[in-house]
2 protein chains.
Amino acid sequence: MYGRHEHDSCISDAMVAADDICKARGLRFTELRRHVLELVWENHGAVKAYDLLEKLDKDYSAKPPTVYRALEFLQENGLVHKINSLNAYVGCSHPLKHTDCFFLICSNCNEVQECCGSDVAKAVRNMVAGQGFAHNQTTLEIEGVCQECQLEG
Amino acid sequence: MYGRHEHDSCISDAMVAADDICKARGLRFTELRRHVLELVWENHGAVKAYDLLEKLDKDYSAKPPTVYRALEFLQENGLVHKINSLNAYVGCSHPLKHTDCFFLICSNCNEVQECCGSDVAKAVRNMVAGQGFAHNQTTLEIEGVCQECQLEG
DNA sequence: TTCAAATTGTTATATTATTACAAAAACAAG
DNA sequence: CTTGTTTTTGTAATAATATAACAATTTGAA
């Protein structure tokens, strides 16, 4: 999905954005939280909590709450999203405008692309408003095969 | 969300539809599977697998695989959907046209409404096609408060 | 009636996540 | 600084969700 790219800059962009957000909000972006976010960003796939735990455990004496608490913090601040259909987590690629996002999940390369603020979101809003439903949180996860993987096919 | 209504007819409609589908497809709609579907349909909320298990266990010596296998069968045949954001299951309210469905989930009354084939689905298709993504399975779950609960509120 | 396939029973275990409480670190007020 | 408070982290235990593996049974077809 992302093919070959300078992934280091994905990581560093994400870390800088996280720094900025935490600073702006007066939050403590601790060593541990930073480390978890880096691990989440190791690639563009969704990562399982217990895989994070294993990686963390090399440096920290990590137990499940260690990683779940860090993930909770990161999710609350829009730096990480949970992919419910996979029970796994991805780094947010645009944490400042993370409303109405959805996810394309390639079942071949296992990468996840986050998409924002499109006609889809608008259609959801309209549909839901038509029902008089006050929506709060939307989970939209689209599983399939990305273009790159189709071409390789 | 559904307010007061003749829920018995929801159940019987669902059972009739399930009978028809299984007959048409030459599937075995066994006592157990039927029983699980009835339990799923006890109300319009999403039900947890282990709650089903407890209820089942009164009549059957049910173990987890008992209920998960029945749910698997029902899901495969579009009679039940899993709500990923809740890890819970709902009966499908229109099992014959269960493509491009999504769910409104009221966090007050805990009921779930299934919606089908709307502009939302169309917007998703367009969006996804624009990315060259071949989509296979869509999870769209909208959490909020239904109109009835807002009015009571 | 026998064979093969599908279903169910059963035990065990894997996976995902939370609770509860203690220790430590960070921070703010005096 | 130092005291008290809040936040974060450590740790053990356990809860909640789900699957694997294999045996027994039932079903349906030849």
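The values are calculated or read from the model by the stated rules, or taken from the named source; none is laboratory data. Only a predicted model underlies this, so the values are computations on that prediction, with no experimental measurement involved. Because the Cβ atoms are built from the backbone with ideal geometry, glycine has one as well, and the counts that use them run over all protein chains shown. Ligands, DNA and RNA are stripped out before the accessible areas are found, and what is left, the full protein with its side chains, is counted by its heavy atoms. Shrake-Rupley method; radii C 1.70, N 1.55, O 1.52, S 1.80 Å.
Sorted from nearest, the other copies put their B:Lys58 label points 5.3 nm away, the label point being 7 Å from Cα in the direction of Cβ. Scattering from the stretch B:7-94 was approximated by placing one identical point on each alpha carbon and applying the Debye formula without solvent; log10 I(q)/I(0) at 0.13, 0.16, 0.25 1/Å stands at -0.36, -0.56, -1.38. Computed with a 1.4 angstrom probe on protein heavy atoms, the A-B interface buries about 2600 square angstrom of accessible area in total. Inter-chain Cβ neighbour count for B:107-113, averaged per residue, equals 1 (cutoff 10 Å, partner chain atoms only).
Peptide A:96-103 is shielded by partner chain Cβ atoms: per residue, an average of 1 of them sit within 10 Å of its Cβ. Sparse packing (at most 15 other Cβ atoms within 10 Å of the Cβ) combined with a DSSP loop state is found for the following GluC sites (Glu not before Pro) in the stretch A:16-112: A:Glu42.
Backbone N atoms of the stretch B:30-72 closer than 19 Å to the 7 Å Cα→Cβ label point of A:Asn136 belong to residues B:44-48.
Ignoring ligands, DNA and RNA, what percent of the 1.4 Å accessible area of chain B is carbon and sulfur?
Carbon-and-sulfur percentage of accessible area, whole number: 46.
With the convex hull drawn around the C-alpha atoms of the stretch A:12-153, the volume per residue stands at 133 Å³.
Sites listed here are trypsin sites (Lys or Arg not before Pro) in the stretch B:17-69 whose DSSP assignment is loop and whose Cβ has at most 15 other Cβ atoms within 10 Å: B:Arg28, B:Lys48, B:Lys58. Over the stretch B:97-152, the alpha carbon radius of gyration divided by the compact-protein estimate 2.2 N^0.38 Å works out to 1.36. Here the spin labels are modelled as points 7 Å beyond Cα on the Cα-Cβ line, and at A:Leu96 and B:Asp100 they lie 3.6 nm apart.
In this simple spin-label model, placing a label point 7 Å from the Cα along the Cα-to-Cβ direction at both B:Ala24 and A:Glu72 gives a separation of 4.7 nm. Remark: label point of A:Arg4 defined 7 Å out from Cα along the Cα-Cβ vector; separations to the same position in other copies 7.0 nm, ascending.
Rg to Rh for the protein assembly as shown: what is it, with Cα atoms only and Rh by Kirkwood? Display every interim value, and only then the final one.
Values: Rg = 21.3 Å, Rh = 21.3 Å.
In the protein assembly as shown, Rg relative to Rh is 1.00.
The helix-based estimate of mean residue ellipticity at 222 nm for the protein assembly as shown, built from -39,500 (n - 2.57) per DSSP H run of four or more residues and divided by its residue count, is -13500 deg cm²/dmol to the nearest 500. With 20 Å as the limit, the listed pairs A:Lys55/B:Lys82; A:Lys97/B:Lys122; A:Lys82/B:Lys63; A:Lys48/A:Lys82; B:Lys23/B:Lys97; A:Lys82/B:Lys122 have A:Lys55/B:Lys82; A:Lys97/B:Lys122; A:Lys82/B:Lys63; A:Lys82/B:Lys122 beyond it between alpha carbons.
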